[in-house]
Amino acid sequence: MKKILDIFKEQWQYRYLIWQLSIYQIKSQYANHYLGVFWNILQPAMQVLIYYVVFGLGLRGDRGDVGDLPFIVHLISGIFPWLFISQGINSASNAIQAQLNLVTKMKFPSSTLLSMSLVNGIINVCLTTGILFIISIFNGYSEPLHYLGFIYFIFASYMLIFGIALIMSSLIILVRDMKNVLQNVIRMFFFMTPIFWSLNEANEILQILSSFNPFAYLVMNYRAAMVLDDIAIYGDISDHLYFWAFTIFVLFVGVHIHYRFRNKLVDYL
Amino acid sequence: MGYKVKVENVSKVYDLNHSRKDKLLSLFTMGHFYKEKPYYALRDINFEVQSGESIGIIGLNGSGKSTLSDLLGEVTVPTTGKIKINGRSSLIAISAGLNMDLTGEENIRMKCLMHGLSQQQIDERYNDIVDFSELGEFIKQPIKSYSSGMKSRLGFSIAIHTDPDVLIVDEALSVGDETFSDKCIVKMKEFQQQGKTIFFVSHSGKQVLKMCDKALWIHYGEVRDYGESKPIVKEYVNFIKKFNDMTKKEQLDYKGKMISQQQRRGEETMLRKKPRSLTAYISPVVITLLFLLSILFQGNMMPF
């Protein structure tokens, strides 16, 4: 348990470094682009468009709204948090491997590399949420205080992504195939999570599966905060308990692997 | 106090089990159910360095020089023993952490941040770094357009301006032309006068004599000699001469003999693994139980 606290203390201690370096990382990422940071909005927008055509116009046909929400709003309130989660897991899991020559040659707290790659994602999700926020305010989908649930969403997702990335970032260095495995598993979860379909209309089996899917908990929390007016935070006691027990378990395993790995990184290569 | 760097009973063991399965097993079970196939790279190293001294680390290839410099730069940790460093140590790693898409200027700022400098310190030193690197106009260009010499000049001048208390130079002087390496040597002499400690890893006796007042001779994982540089370097040069005069077969035999001796002695000195105390198992068990309980709870499968 102490190690979990240690690793977050480390993130806090190096917060200035994390912020500065992630800005350089974003700069280098868009170094030769004409549209630059604008891609951060353009890319999710294109995805929403495709999914709307396929799932909204194609699959759903004229069934139209989900509850009180137009399908397009339901869709973006699922895709925006999902992009944050999936890109976060992918980039944070590759963070150490991408900077291998730095970590093996310099004394550098490698766990901060994970946070660094998440900063970019958090900036993105804030941008996209801004758009949804305007739509939601304009149509009065959610109560004003409920928007604070967004902060809970960011916090809970950060914890879960960080835990998964702690495990995966070490595994990917040992076995490069894990990178592909991870990508495919994440793609599978895109369909298993109530993003373009609705939890209330779904088959009972799918509902039970979703209750064990921590990403469903996160996405539904984002929805509850941004577009649903009846609740601020999604889920009952057992949902919260399950999510946090799962997250702490993942963090615990991840932290132990990370600490064991980082002191001997050179030996493992 | 008094010492700048103190190395006590340091040993380093590498694991030669290179199969992926074994590595994964070792990682996931935290070292349970897993037999290492050890290679004793360093055994029972002891020495102390005062501030203002510069130490040349000499030895044959594969004798453990780079392992020792990694340990001193705190990039890896010793298997047993302790390294106490009074201040911040920095291993000069020229190309580590440079980003090809960013300009020289941005790279300077970024790498200084990684070395733990504040924004203000970076502003103060920025001009010195640019001047030292002799890059001139190129500093505004992305460094993927640099030649390899320019890159290493940039890397070296950043490293030397980050103001470490202990500097470890591992074969870094081969960069650039003669004038640049002379400039580096002048800079390092300046460091010595400021009371900083420099480790200089090399297998050339001449460079060590030019740079260092003390020498540490590492011979197959052990300290063969440590003290004033002149006599040690002389002895080392004699040894090299003798070694080179041997026939190929004699050289190989000698190496084989020394390495097996190194491994045998390493095994003798390594302590047996400490048994783990039971309290270490409490938190994993509690967390796993909590997790399992929450699954039952979530699935409405609680017995009560």
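A few remarks follow.
- Failed criterion for A:Asp236 (all others in (1) over 26 Å from A:Val54 (Cα atoms); (2) in contact (Cβ under 8 Å) with a residue 40 or more places away in the chain; (3) exposed (fewer than 14 other Cβ atoms within 10 Å of the Cβ) hold): (2)
- Condition met for A:Phe215 (hydrophobic (A, V, I, L, M, F, W, C) and within 11 Å of chain B (Cβ to nearest Cβ)): no
- Looking across the stretch A:175-208 at every residue that is over 22 Å from B:Leu25 (Cα atoms) and among the charged types (D, E, K, R), the one that is surrounded by the fewest Cβ atoms within 10 Å (Cβ to Cβ) is identified as A:Glu204.
- Checked against (1) in contact with a helix residue (DSSP H, G or I) (Cβ under 8 Å, 6 or more places away or on another chain); (2) within 14 Å of another protein chain (Cβ to nearest Cβ); (3) free of Cβ contacts under 8 Å to residues at least 24 places away in the same chain, B:Tyr126 meets all criteria but (2).
- Members of the stretch A:95-150 found to be closer than 21 Å to A:Ile72 by Cβ, among the polar types (S, T, N, Q) and at pLDDT 85 or above, listed by number: A:Asn124, A:Thr128, A:Thr129, A:Ser136, A:Asn139
- When A:Ala224 is tested against the conditions (1) over 30 Å from A:Val66 (Cα atoms); (2) more than 10 Å from every other protein chain (Cβ to nearest Cβ), the lone failure is (1).
- Being hydrophobic (A, V, I, L, M, F, W, C) and surrounded by fewer than 17 Cβ atoms within 10 Å (Cβ to Cβ) holds for only one residue in A:Phe153, A:Phe138, and it is A:Phe138.
- Within the set A:Tyr34, A:Tyr24, the sole residue that is closer than 30 Å to B:Ala96 by Cα, more than 20 Å from the chain's Cα centre (by Cα) and part of a loop (DSSP other than H, G, I, E, B) turns out to be A:Tyr34.
- Residues of the stretch B:166-210 classified as more than 23 Å from B:Gly59 (Cα to Cα), at pLDDT below 80 and hydrophobic (A, V, I, L, M, F, W, C), total: 1
- Selection status of A:Ile7, farther than 30 Å from A:Phe252 by Cβ and either touching a residue at least 60 places away in the same chain (Cβ under 8 Å) or in a helix (DSSP H, G or I) (or both): no
- Which numbered condition B:Val75 fails, given (1) in a strand (DSSP E or B); (2) within 18 Å of A:Asn263 (Cβ to Cβ); (3) facing chain A (nearest Cβ under 9 Å): (1)
- When the stretch B:97-118 is limited to residues that are assigned to a helix (DSSP H, G or I) and more than 8 Å from every other protein chain (Cβ to nearest Cβ), the one that is farthest from B:Ile143 (Cα to Cα) turns out to be B:Cys112.
- Odd one out for B:Ser152 among (1) in contact (Cβ under 8 Å) with a residue 40 or more places away in the chain; (2) within 11 Å of chain A (Cβ to nearest Cβ); (3) among the hydroxyl-bearing types (Ser, Thr, Tyr): (2)
- Options A:Leu118, A:Leu174, A:Leu206: the member that is on the phi < 0 side of the Ramachandran plot and under 13 Å from the mean Cα position of the chain (by Cα): A:Leu118
The values are calculated or read from the model by the stated rules, or taken from the named source; none is laboratory data. Remember, predicted model here, so these are calculated numbers, not experimental data. FYI the Cβ positions are ideal-geometry reconstructions off the backbone, even for glycines, and counts take in every protein chain you see.
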